[in-house]
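Since the structure comes first, as structure tokens, the remarks are kept for the end.
Each value in this text was obtained by applying a stated rule to the coordinates, not by laboratory testing. As the structure is a prediction and not an experimental result, all values here were calculated from the model.
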Amino acid sequence: MEPNGIIPASESPICDECGNTFVQGSSSMASLCCECSHILYGYSSCAHRFEAGRCQTCGWDGSRSEYIQSRLKGA
């Protein structure tokens, strides 16, 4: 774990949908980041706090899969 409490990307889980690494325990689903689990299944979203290109809370870097992008366009 880094001094800021974030687990290094090499030790973080990888989202099955967007391929982004995320902070373990930040999502309601073990295999999806909180952003994808929110969009796909309505789970709670993170109030993102971006610093140096990543959310300091959940680790999301803004990545979205083509499927997620298409879902957001159709919403």
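For region 9-74, build the convex hull from the C-alpha positions and give me its volume per residue in Å³. Write out the running numbers ahead of the final one.
On the way: hull volume 5.4 nm³, N = 66.
So the per-residue hull volume is 82 Å³.
Taking the Cα centroid of region 12-26 and of region 43-67, what is the distance between the two, rounded to the nearest whole Å?
Value for the Cα centre distance between the two parts: 10 Å.
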